Amino acid sequence: MIGKHKSFFLCGLLAGVVVATAGFAFRLKQSKSSGQAAGGRVELKLAHGLVESHPVHMGMLYMKKRVEELSGGSMTIEIHPGGVLGSETASIESLQSGALDMTKASSNTLESFVPIMSAYNLPYVFQDREHYWKVLDSELGNEMLASGLDKKLRGLTYYDAGSRSFYMTKKSVVTPDDLKGQKIRVMNSNIAINSMRQLGASPTPISYGELYSALQQGTVDGAENNWPSYVTDRHYEVSKFFTENEHTSNPDVLLIGESAWARLTPMQQLVLKTAAAESSVYQRKLWQEKSDEAKAIAIAAGVKVVEPDKSLFAKKVESYKEGFKGTEVGNVMQQIQKLAE
């Protein structure tokens, strides 16, 4: 599913970014020759809730480096990881008020602000990783990035957040029947909560920062996330059963507040967009490497990994997805499905 197809796909994407970067260089040369003002020194403040070893944070560091290089040092990004400036929801609200310039948000969190993002959060809406990136890199993906403009939120690019799978403290999940009566921590998202109910589990929204202790103390029986997050946040220490059912693939969206965007000159906006696009390509490759590494670490630590029949889980949520037909979210879902053809 990944292998050869993913390598080919990434090569095509990288070629596109190279062309875009060449176009940027040409426009920069034009602006200098015409005397267009590049604007004064700019420092953008970016906050997120991930640890510094997370591949998304590393992608942001790459973007910061490229912003400084492309702007000749007149622009930089001050990055605050680890949730020191607030939760993901609080950071989005700070973008809207102008108190913060940039953040990253899971499409799960973002759906509370931009409801159309719910389409990305539907279970098994993506057939595989190739389909996932085909959608995000399409015109539809660009339209979704712009869908929050009326909420003062501008999407710049997507970061890979992998696929979410179950991990449990006491037993493996082999079929949906194993989820019955199990308290599963989910993000505070209507789609996530309702999908979990459809699978037979008891969804329990808990702050991510409190999840380790919730697993340790038995407040929840399990959770769901990707391999890098499972390992970097040490959840594998207290939940030794991981099931690769991959029920959702929720992208991380790099956001800038409209007030911060408006402060930038057209050339500064181009610098930021170019650096963001380049960092997305860099982060995607890094994500796969970190995912493989995280899985190996977990297995070495005694985690039992199950590869279930995913179709059993997909069938359980099919009627739930059918309920969106005729809605705005359902229309986007159909466009996503067409891109798999």
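The values are calculated or read from the model by the stated rules, or taken from the named source; none is laboratory data. As the structure is a prediction and not an experimental result, all values here were calculated from the model. With ideal geometry, Cβ positions are generated from the backbone for all residues, glycine too; neighbour counts draw on all protein chains shown.
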Quick check on my filter: what residues within the range 156-180 are surrounded by fewer than 24 Cβ atoms within 10 Å (Cβ to Cβ) and more than 23 Å from residue 223 (Cβ to Cβ)? 156
Just wondering, is there one or more residues in the range 285-293 that are basic (Lys, Arg) and closer than 18 Å to residue 103 by Cα? no
Residue that is farthest from residue 114 (Cα to Cα) [pool: residues in the range 311-330 that are among the β-branched types (Val, Ile, Thr) and in contact with a helix residue (DSSP H, G or I) (Cβ under 8 Å, 6 or more places away or on another chain)]: 317
Just one of the numbered conditions (1) hydrophobic (A, V, I, L, M, F, W, C); (2) surrounded by fewer than 20 Cβ atoms within 10 Å (Cβ to Cβ); (3) free of Cβ contacts under 8 Å to residues at least 40 places away in the same chain is not true of residue 201; which one? (2)
Suppose we filter 282, 236 for residues that are under 29 Å from residue 152 (Cβ atoms), modelled with pLDDT of 95 or more, in contact with a helix residue (DSSP H, G or I) (Cβ under 7 Å, 6 or more places away or on another chain) and crowded, with 17+ Cβ neighbours inside 10 Å; which single one remains? 282
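Kindly provide the set of residues from the range 296-306 that are surrounded by 11 or more Cβ atoms within 10 Å (Cβ to Cβ) and either without any contact (Cβ under 8 Å) to a residue 40 or more places away in the chain or out of contact with any helix residue (DSSP H, G or I) (no Cβ under 8 Å at 6 or more places or on another chain) (or both), ordered by number. Full working, then the answer.
Initial filter on the range 296-306 (surrounded by 11 or more Cβ atoms within 10 Å (Cβ to Cβ)): 296-299, 301, 303-306.
Those that are surrounded by 11 or more Cβ atoms within 10 Å (Cβ to Cβ) and either without any contact (Cβ under 8 Å) to a residue 40 or more places away in the chain or out of contact with any helix residue (DSSP H, G or I) (no Cβ under 8 Å at 6 or more places or on another chain) (or both): 296, 299, 304, 306.
Only one of 283, 334, 269 is under 30 Å from residue 47 (Cα atoms), free of Cβ contacts under 8 Å to residues at least 60 places away in the same chain and of a type outside the set (Lys, Arg); which? Working first, answer last.
Details: 283 fails: free of Cβ contacts under 8 Å to residues at least 60 places away in the same chain; 334 fails: under 30 Å from residue 47 (Cα atoms).
Answer to the check: 269.
Okay, residues lined up against (1) in a strand (DSSP E or B); (2) over 18 Å from residue 212 (Cα atoms); (3) in contact with a strand residue (DSSP E or B) (Cβ under 8 Å, 6 or more places away or on another chain):
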residue: 223; (1), (2), (3): yes, no, yes
residue: 229; (1), (2), (3): no, no, no
residue: 242; (1), (2), (3): yes, no, yes
residue: 246; (1), (2), (3): yes, yes, yes
residue: 254; (1), (2), (3): yes, yes, yes
residue: 268; (1), (2), (3): no, yes, yes
residue: 280; (1), (2), (3): no, yes, yes
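Residue-wise test of (1) more than 21 Å from residue 163 (Cα to Cα); (2) surrounded by 19 or more Cβ atoms within 10 Å (Cβ to Cβ); (3) charged (D, E, K, R); (4) modelled with pLDDT under 95.
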position	(1), (2), (3), (4)
81	yes, yes, no, no
87	yes, no, no, yes
91	yes, yes, no, no
95	yes, yes, no, no
98	yes, no, no, no
107	no, yes, no, no
117	no, yes, no, no
121	no, yes, no, no
